[in-house]
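Step one of this worksheet: look at the structure below.
Coordinate-derived values only; no laboratory data. Source: prediction; values computed, not measured. When we count neighbours, we look across all protein chains shown, and the Cβ atoms used for this are built from the backbone with ideal geometry, even at glycine.
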Amino acid sequence: MTVNFRPWAPQAGAPLFLGLRLLLLGESHYDDWEPGERGAEEAADVTAWVVERHALGVRRRRFFGNVFEAVTGDCWSEGSQEVRRFWQGVWFYNFIQDFVGPDWSCRPTGAMFRQSAPAFFEVLNEIRPDAVLVLGKTLWSQMPDADLVATDAEGLSYKYQWIGGDAQAACTRHPSRGFSPGVWHPHIANFLDAARTR
């Protein structure tokens, strides 16, 4: 499978968050459109549309607000320049490369995870991240094999190879359900510090 949903990428000329090529990896997109209502090009840009609307817009979703707060340690506020700078300095990509269903109650199948792995590696080779933050333990448990490099109190850390280098990867609890940004921020900060100094 190739990449159906292009990643959200940093704005040209914007500084990278902490100087890192940081890839935030979500699980999946949901779509309530009727089959055939959305063209392939519109579908390819759905990730950018979601980030513009729910991470940068005023219709904040808990997921994006929690990601911002957990990674930066700052509080989300509507129209904030800090929020805009953050999202303009990171990549965001959803692992599953098909619409899962009309809403969050639909879950990806095991086949969807397996079939989406080649696209993930294509994105790694394109972005060449320093760090990959996997946003959800279910997604983490379904990730393709990688080299285990460390264990800490919050779980496993992996190293993903891309052409010419590698990226450290770690996971958080899913930012939409039972998630406390203040609890996760120190773990994420330690992970990103380690990625910057290796």
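Of note:
- Annotation: extensible slack from Gln81 through Glu122 equals 11.6 nm (criterion: 0.36 nm per residue apart, minus Cα-Cα distance).
- In this label model, Arg61 and Trp49 are separated by 1.2 nm, measuring between points 7 Å along each Cα→Cβ vector.
- Ser28, Ser105 arranged by Cβ crowding within 10 Å, fewest neighbours leading: Ser105, Ser28
- Ranked by how many other beta carbons lie within 10 Å on average, peptides 119-129, 7-17 from highest: 119-129, 7-17
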